[in-house]
Ligand code: NAD
């Protein structure tokens, strides 16, 4: 049995920690949001009031936080992980962050005597609930191997991508493809509808045809077709629009650095910008379907 320290119990961290508890492990969790903490407590996580209490006696410490700035604060703050954890603990960041933040975590962890891996995830809230997430791990071979064992109760597949920050690089590229595919599913769903196709029938055709994608399968932005889609629940977020914008922007920034042209990603970013400008940053990213719909509604 392992003792996990876990910081960030939101849409993803909540169900991920529930799977650790279900597998018989002890999880001590911390979140600034009282609602998120209460939900995790109901699923068996021991809620504590500080990072220091979270990491005390932990074999492994996970962070599942929104953005790079949150990860830097939780690691580097005066009472943060580096200041309060024992170097015996393996440090794992599963947040989707920029490569510079991840490299900073690797470098500072090493300088302070910690083992650190970047281990972002794919599979959404549904994958977190069903313990079928794909984890992509970057770090030293020894630390990565150690992390794989701790990840197992939450994962469908765990792939070691390579050295430091390769997990996060894979995640940035993957999510750029996801959000471009989401645009395709949004526009395809609306055009099929206006061409008089039964939405369910068209979804079944796309599912066995070349329009198939994870976004089309899991987030199809029309109500009543796919159970896991936010379209069934008034677009309450499983993946917030502002986090989707963050991920596409991470890819665009990497494109500038590497000279790779990312026209489709630029279009996706523009759609998330529109949602944010309309005050819909905390709604689900699949609400971009409204921009394809002739009546602007979904
Ligand atoms: P979320 O906003 O639902 O959860 C993040 C949690 O972190 C919140 O509960 C927030 O209160 C907490 N938090 C923020 N700062 C904190 C601090 N200083 N100390 C303690 N808690 C703090 O976000 P999420 O959807 O769970 O996503 C988390 C990460 O996983 C993001 O980087 C996201 O891009 C990535 N991700 C999300 C999904 C998805 O489908 N939602 C899928 C894969 C990866």
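The values are calculated or read from the model by the stated rules, or taken from the named source; none is laboratory data. All values derive from a computational prediction rather than experimental measurement. All Cβ positions, even for glycine, are placed from backbone atoms using ideal geometry, and neighbour counts span all protein chains on display.
Tabulated values for the structure
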quantity	calculated
Scope the stretch 134-175; condition more than 16 Å from the ligand (Cβ to nearest atom) and not in a helix (DSSP H, G or I); matching residues	139, 140, 160, 162, 163, 164
Lone unmet requirement of (1) crowded, with 21+ Cβ neighbours inside 10 Å; (2) within 22 Å of residue 96 (Cβ to Cβ); (3) away from the ligand (no atom under 15 Å from the Cβ) for residue 270	(1)
Residue satisfying all of: in the stretch 12-33; surrounded by fewer than 17 Cβ atoms within 10 Å (Cβ to Cβ) and within 9 Å of the ligand (Cβ to nearest atom); nearest to residue 239 (Cα to Cα) among these	33
Search result, residues across the stretch 81-95 that are more than 9 Å from the ligand (Cβ to nearest atom), touching a helix residue (DSSP H, G or I) at 6+ places or on another chain (Cβ under 7 Å) and farther than 13 Å from residue 147 by Cα	81, 82, 84, 85
In the stretch 119-133, the residues that are within 10 Å of the ligand (Cβ to nearest atom) and outside any helix (DSSP H, G or I)	120, 121, 122, 123, 133
Counted residues, the stretch 255-271 - those being more than 21 Å from residue 191 (Cβ to Cβ), at pLDDT 95 or above and in contact with a helix residue (DSSP H, G or I) (Cβ under 9 Å, 6 or more places away or on another chain)	7
Positions within the stretch 208-229 being surrounded by 22 or more Cβ atoms within 10 Å (Cβ to Cβ) and more than 10 Å from the ligand (Cβ to nearest atom), in sequence order	215, 216, 220, 221, 222, 229
Count - residues of the stretch 94-118 that are under 20 Å from the mean Cα position of the chain (by Cα) and in a helix (DSSP H, G or I)	8
Residue that is farthest from residue 98 (Cα to Cα) [pool: residues in the stretch 50-78 that are within 11 Å of the ligand (Cβ to nearest atom) and part of a loop (DSSP other than H, G, I, E, B)]	50
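A quick yes/no check of all residues on (1) under 23 Å from the mean Cα position of the chain (by Cα); (2) assigned by TED's automatic domain parsing to the domain that holds residue 12; (3) not in a helix (DSSP H, G or I):
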| residue | (1), (2), (3) |
| --- | --- |
| 191 | no, no, no |
| 225 | no, no, yes |
| 243 | yes, no, no |
| 247 | yes, no, no |
| 266 | yes, no, no |
